[in-house]
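Here's the structure, in structure tokens; my notes come after.
The values are calculated or read from the model by the stated rules, or taken from the named source; none is laboratory data. Predicted model, so just to flag it, every value in this text is computed and none were measured. Cβ coordinates were reconstructed from backbone atoms using ideal geometry, including for glycine residues, and neighbour counts include every protein chain displayed.
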Amino acid sequence: MSIVEKLHAMLVKASSEISMKSSLGEAIKYTLKLWDGLIVFLSDGRVEVDNNAVENTIRPIALLRKNALFAGSEVGGRNWAVMASIIGTCRLNGIEPYAYMTWVFEEMAKGHPRAQYDKLLPWNCAKGRFGID
């Protein structure tokens, strides 16, 4: 039996002996609730110890959504959300948003077929690549 398995057994046993309303009981309950995630973290070296990268990525989106309340109208808010989504997708894919938008409008002006608009998604734009591959 591994150390982790022994710890789990000890926590399960303690949870039946300790009041779950006490501080220690709350801590045990919290630990057991997240146990599956701990096992994934311990068994897969690709899993990060925290989710700070994800939180830092979505924080601007949440702030933008809050700021969009002042877009002036419902349509303005929707347009703001579309632009925020495009800009966020560009950044997540290492594309400079202004270069991407310029590229898209140039391609559309050249008569890019509507059936192939999927070819205009940010990850297909070579012009605006950041140096962060």
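The table below lists the values:
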| quantity | calculated |
| --- | --- |
| Identity of the residue in the stretch 9-29, of a type outside the set (A, V, I, L, M) and not in a helix (DSSP H, G or I), that ends up surrounded by the fewest Cβ atoms within 10 Å (Cβ to Cβ) | Lys21 |
| Whichever residue in the stretch 65-121 is within 20 Å of the chain's Cα centre (by Cα) and loosely packed, with under 11 Cβ neighbours inside 10 Å and, among such residues, is farthest from Ala53 (Cα to Cα) | Val82 |
| Filter pass, Asp44 being over 17 Å from the mean Cα position of the chain (by Cα) and at pLDDT below 90 | yes |
